[in-house]
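Asks: First, the structure itself, so that you have it in front of you.
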Amino acid sequence: MNFAVDTCEIDASKLEDFPGAGIYPHRDLSNMPVVVGELKTERKGKSLILNGHYDVVPPGVIKNWNHDPFKGEIEGNKIFGRGACDMKGGIAAMLEAIKFIGGA
């Protein structure tokens, strides 16, 4: 899609905290890079920022799952697995939105 991609590491101790922000100044964010994709076009106007994450919470006890949480198994018209909707589906929807509005 011709994104210019950049990555950076975040130092949590330098993030501004405010009520409800979820900032933990002593949290180690190493090996959790921020990835930014910028799409330049010839179009003029306002910018659009889409934000998501690609990490998932641990699956818990595997035997409690009806489907393997790491396989993305499809049953009927549903997909089961870690990240299927939190947030991989959201990221896929963002990429489709960019294509739809003519960004790629």
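Asks: Provide a single number: the residues in segment 54-76 that are part of a loop (DSSP other than H, G, I, E, B) and either farther than 22 Å from PRO33 by Cβ or at pLDDT below 85 (or both).
Replies: 16
Asks: Out of the residues in segment 1-34 that are in contact with a strand residue (DSSP E or B) (Cβ under 7 Å, 6 or more places away or on another chain) and closer than 15 Å to ILE98 by Cβ, state the one that is modelled with the highest pLDDT.
Replies: Checked segment 1-34; the qualifying residue modelled with the highest pLDDT is VAL5.
Asks: Please count how many residues of segment 2-14 are outside any loop (DSSP other than H, G, I, E, B) and either among the charged types (D, E, K, R) or loosely packed, with under 10 Cβ neighbours inside 10 Å (or both).
Replies: Of the residues in that region, 6 qualify.
Asks: When you go through (1) at pLDDT 90 or above; (2) part of a strand (DSSP E or B); (3) not assigned by TED's automatic domain parsing to the domain that holds MET1 one by one for ILE79, which number turns out not to apply?
Replies: (1)
Asks: Those residues that are closer than 19 Å to VAL5 by Cα and surrounded by 11 or more Cβ atoms within 10 Å (Cβ to Cβ), I need them from segment 25-34; list them, please.
Replies: Passing the criteria: MET32, PRO33, VAL34.
Asks: For segment 15-24, indicate whether the set of residues that are part of a loop (DSSP other than H, G, I, E, B), more than 20 Å from ALA92 (Cβ to Cβ) and in contact with an Asp or Glu (Cβ under 8 Å, 6 or more places away or on another chain) is non-empty.
Replies: Yes.
Asks: So, one more: Kindly list the number of the only condition in (1) at pLDDT below 90; (2) surrounded by 11 or more Cβ atoms within 10 Å (Cβ to Cβ); (3) not basic (Lys, Arg) that fails for GLU42.
Replies: It fails just one condition, (2).
Asks: Here is a follow-up. In segment 2-18, which residues are β-branched (Val, Ile, Thr) and either under 24 Å from THR41 (Cβ atoms) or not assigned by TED's automatic domain parsing to the domain that holds MET32 (or both)?
Replies: VAL5, THR7
Asks: Okay, moving on. Would you be able to tell me the number of residues in segment 82-103 that are in a loop (DSSP other than H, G, I, E, B), of a type in the set (Gly, Ala, Ser) and either over 23 Å from PRO33 (Cβ atoms) or without any contact (Cβ under 8 Å) to a residue 24 or more places away in the chain (or both)?
Replies: Here the count works out to 3.
Asks: Suppose the filter is under 18 Å from the mean Cα position of the chain (by Cα), of a type in the set (A, V, I, L, M, F, W, C) and under 30 Å from GLY102 (Cα atoms); does LEU48 pass it?
Replies: When the stated conditions are applied, LEU48 passes them.
The values are calculated or read from the model by the stated rules, or taken from the named source; none is laboratory data. Remember, predicted model here, so these are calculated numbers, not experimental data. Using ideal geometry, Cβ is built from the backbone for each residue, glycine included, and neighbour counts are taken over all protein chains shown.
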